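The values are calculated or read from the model by the stated rules, or taken from the named source; none is laboratory data. Owing to the predicted nature of the structure, the values given are computational and were not obtained by experimental measurement. Please note: Cβ atoms are built from the backbone with ideal geometry, for glycine as well, and neighbour counts cover all protein chains shown.
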Amino acid sequence: MHPRSVYNIEPDFTTLAKDYASFKPFVKQTEQGRSYIDFKDAEANRELCKCLLKRDFKVDVDFPLDTLCPAVPNRLNYILWLEDLIQDTLSNLKNCQGIDIGVGASCIYPLLGCATNPTWRFLGTEINQRSTDFANKNVQRNHLEDRITIIHNPDPSKIFLLEQDKQYTFSMCNPPFYSSQEEIDQGLHNKEVEPSAICTGSNNEMITKGGEFEFIKLMVMESLQIQRQVHWYTSMIGLKRTIRPLIRLLNDQGIVNYIVTDFIQGKTVRWIIAWSFHPKRPTNVHAIEAWRPVYQFEIKLPKEISFVLDSTRKILQDLEIDYSIEEDDAQETILSCNTSRNTWSRATRRQKKRQKLQKTESITTTIEDPFLFRLELSCSRSKSSTWYQIVWLSGANKLLFEGFWSHLKKRIEERCGILRGSSFNK
Ligand SMILES: C[S@@+](CC[C@H](N)C(=O)[O-])C[C@H]1O[C@@H](n2cnc3c(N)ncnc32)[C@H](O)[C@@H]1O
């Protein structure tokens, strides 16, 4: 559960039934006096969803019993995590324009997103005509026509129906997870399927050709065409086995800025994957470390921290890389570095040498996106050696980062007396 979720305190069904008479018929009591509802009862689920949305977000919805009933806490987790992602990586937090692929009849994500973020707007798409009509009615019911636009997508193999020349902050999606009814039955057995979806999710909402992997793959492939028109592409993942092939796909397509997170809601686990063609990487959002791309390297150097710091400064000055010292004490020093020129490639350094001899201005290669990184120096327990870590913070070119690190590592190791082939660190 997201730490900011109102549902960190479990809703009390007795109180909810007192406040909402429509919910009362569904509330039962255990012998110990604990109130509960039957999650296999579609009507009970729908009433719970409607009452929670009304009570906690002043959102008023209605949807047919044979369409997917959204579990509100689960949907809220996604919205709150998106807020974190945006806060962490974008400078302009106002006027966010989101996209929801497959709004469903409830139109839950646009409604919840607008209720919790007064400046957000949404474009919602849906392939099912009946769900599109219901979603539109839900938008009207909440007087949000000026902030939410719903469009019917007649082509299931198409994902993004965007306005040309318009920029979008994020896209989100709760895709159909399964490729067949057998897979759903298996999911029920493994407790992968949300209780509220058991009886209500109709086939088009739960099943898609090739399952969620193929659906998200379509999204990835289309995102390659439109690149930075959407800042963050995101999707919920319902099955753990989908994560690895998706990461492989992103890597194969050269997408280096991505992140995976998870949410545990009762017995159900859900994941969200996000990728971007923008250089700024998220560093302050909940993520599964094991699925992060390699953004950092660490080595141990056989010298005291003051010596390593002094040597690093000299190397950075030589490379004309700007840096500021963020934190500095005897135990740990953090240098924040940034450059927009590649001054370390062999060709650039050769050119620089030549130009020095000829006393002309040096020419360096400009990098498309600013290259930001952090160097973290910390004392080892013995104090006579130092842990030396680089963390890549921003930049779209992974090879550039790796090339820089290999250059810096060689120079700092040489200064610390580690010669090539030496056994220190092995
Ligand atoms: C699992 S439901 C999610 C509904 C709702 N967003 C929610 O979270 O409860 C998936 C939805 O995506 C829709 N859908 C499937 N393929 C689509 C596509 N290519 N474009 C837009 N919607 C699509 C389905 O009709 C269905 O309503």
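For the subset of the range 64-94 comprising residues that are more than 16 Å from the ligand (Cβ to nearest atom) and in a helix (DSSP H, G or I), which member is surrounded by the fewest Cβ atoms within 10 Å (Cβ to Cβ)? Ranking the qualifying residues of the range 64-94, first place goes to 87. In the range 7-24 there is at least one residue that is in contact (Cβ under 8 Å) with a residue 60 or more places away in the chain and touching a helix residue (DSSP H, G or I) at 6+ places or on another chain (Cβ under 9 Å).
Among the candidates 273, 184, the residue that is modelled with pLDDT under 95, in contact with a strand residue (DSSP E or B) (Cβ under 7 Å, 6 or more places away or on another chain) and crowded, with 20+ Cβ neighbours inside 10 Å is uniquely 184.
Taking the conditions exactly as written (modelled with pLDDT of 80 or more and either crowded, with 22+ Cβ neighbours inside 10 Å or of a type outside the set (Phe, Trp, Tyr) (or both)), does residue 196 satisfy them or not? Here the answer is no, as residue 196 does not meet what is asked.
Beta carbons closer than 7 Å, at least 6 apart along the sequence or on distinct chains, pair a first residue in the range 388-413 that is among the β-branched types (Val, Ile, Thr) with a second that is part of a strand (DSSP E or B) and surrounded by fewer than 19 Cβ atoms within 10 Å (Cβ to Cβ) for 390/296; 390/297; 391/296; 391/374; 391/376. Within the range 161-178, restricting attention to residues that are within 16 Å of the ligand (Cβ to nearest atom) and polar (S, T, N, Q), the residue that is farthest from residue 219 (Cα to Cα) is 174. The residues on offer are 132, 169, and the sole one that is closer than 20 Å to residue 68 by Cα, outside any loop (DSSP other than H, G, I, E, B) and in contact with a His (Cβ under 6 Å, 6 or more places away or on another chain) is 132.
When only residues in the range 293-308 that are assigned to a helix (DSSP H, G or I) and crowded, with 18+ Cβ neighbours inside 10 Å count, which is modelled with the lowest pLDDT? Checked the range 293-308; the qualifying residue modelled with the lowest pLDDT is 305.
Taking strands (runs of 3 or more DSSP E) as the structural unit, those lying wholly within the range 204-282 and holding at least 3 residues that are in the same structural domain as residue 127 (by TED's automatic domain parsing) and more than 23 Å from residue 161 (Cα to Cα) correspond to 257-265, 268-276. Within the range 41-63, the set of residues being surrounded by fewer than 17 Cβ atoms within 10 Å (Cβ to Cβ), within 31 Å of the chain's Cα centre (by Cα) and either of a type in the set (Asp, Glu) or within 16 Å of the ligand (Cβ to nearest atom) (or both) comprises 60, 62. Determine which member of the set 52, 82 is of a type in the set (A, V, I, L, M), in contact (Cβ under 8 Å) with a residue 24 or more places away in the chain, out of contact with any strand residue (DSSP E or B) (no Cβ under 8 Å at 6 or more places or on another chain) and closer than 26 Å to residue 137 by Cβ. Of the residues listed, the single one that is of a type in the set (A, V, I, L, M), in contact (Cβ under 8 Å) with a residue 24 or more places away in the chain, out of contact with any strand residue (DSSP E or B) (no Cβ under 8 Å at 6 or more places or on another chain) and closer than 26 Å to residue 137 by Cβ is 52. Residue 43 meets each of the listed conditions (1) free of Cβ contacts under 8 Å to residues at least 60 places away in the same chain; (2) assigned to a loop (DSSP other than H, G, I, E, B) apart from (2).
Could you tell me whether the range 90-113 includes any residue that is of a type outside the set (Asp, Glu), assigned by TED's automatic domain parsing to the domain that holds residue 233 and touching a His at 6+ places or on another chain (Cβ under 8 Å)? Yes, the range 90-113 contains a residue that is of a type outside the set (Asp, Glu), assigned by TED's automatic domain parsing to the domain that holds residue 233 and touching a His at 6+ places or on another chain (Cβ under 8 Å).
Restricting attention to the range 21-40, the residues being out of contact with any Phe, Trp or Tyr (no Cβ under 7 Å at 6 or more places or on another chain), surrounded by 14 or more Cβ atoms within 10 Å (Cβ to Cβ) and part of a loop (DSSP other than H, G, I, E, B) number 1. The residue that is modelled with the lowest pLDDT, among those in the range 95-129 that are in a loop (DSSP other than H, G, I, E, B) and more than 10 Å from the ligand (Cβ to nearest atom), is 95. Among the residues of the range 125-132, are any more than 24 Å from the chain's Cα centre (by Cα), free of Cβ contacts under 8 Å to residues at least 40 places away in the same chain and farther than 21 Å from residue 213 by Cβ? There is at least one residue in the range 125-132 that is more than 24 Å from the chain's Cα centre (by Cα), free of Cβ contacts under 8 Å to residues at least 40 places away in the same chain and farther than 21 Å from residue 213 by Cβ. Can you confirm whether residue 179 is surrounded by 20 or more Cβ atoms within 10 Å (Cβ to Cβ), of a type in the set (S, T, N, Q), touching a Phe, Trp or Tyr at 6+ places or on another chain (Cβ under 9 Å) and modelled with pLDDT under 95? Here the answer is no, as residue 179 does not meet what is asked.
Does the range 268-287 hold any residues that are among the aliphatic types (A, V, I, L, M) and more than 11 Å from the chain's Cα centre (by Cα), and which are they? Result: 269, single match.
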